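Chemist: After the structure tokens below, expect a handful of questions from me.
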Amino acid sequence: QCHLTEIVSRGNAAEQVILYAREHPVDLIVLAVEHRPLLEMTTLGTTTERVMRHSPCSVLVVPRGVA
């Protein structure tokens, strides 16, 4: 079982996600991202990288459009 919570906050996206996760019992953050191909590597956006680096819990990064 899982409980999904959708929230709307103002401010820097990465900071708001991390702040919410620190203040609530969050086990997993799921982020949908768009891949930006660069040469033969894929880069992630700043928000995704910051959340992955500073999150107090696990982060699952899913390419947009994958169900």
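The values are calculated or read from the model by the stated rules, or taken from the named source; none is laboratory data. In this text, all values refer to a predicted model and were calculated from it rather than measured experimentally. Note: accessible area is taken over every heavy atom of the protein model, side chains too, but ligands, DNA and RNA are not part of it. Shrake-Rupley method; radii C 1.70, N 1.55, O 1.52, S 1.80 Å.
Chemist: Please compute the length gained on full extension between ILE7 and VAL61, using 0.36 nm multiplied by the number of residues separating them and subtracting their Cα-Cα distance.
Modeler: On the way: separation 54, 0.36 × 54 = 19.44 nm, distance 1.80 nm.
Length difference between fully extended and current span is 17.6 nm.
Chemist: Moving to a separate point now. Given the Cα-Cα distance of ARG53 and HIS24 and 0.36 nm per residue of separation, how much length would full extension add, in nm? It would help to have the intermediate numbers written out before the result.
Modeler: Numbers: separation 29, 0.36 × 29 = 10.44 nm, distance 1.83 nm.
8.6 nm is the gain from fully extending ARG53 to HIS24.
Chemist: Right, another one. Taking the alpha-carbon centroid of each part, what is the distance from region 5-35 to region 46-65 in angstrom?
Modeler: 9
Chemist: Moving to a separate point now. Once the whole set of protein chains is in place, how much accessible area is left on LEU4, using a 1.4 Å probe, in Å² to the nearest 10?
Modeler: We get 150 Å² for LEU4.
Chemist: So who's got an amide H within less than 5 Å of the one on VAL33, skipping anything under 5 residues away but keeping other chains? H placed 1.01 Å off N, in plane.
Modeler: Distant-sequence amide H within range of VAL33: VAL62, ARG64.
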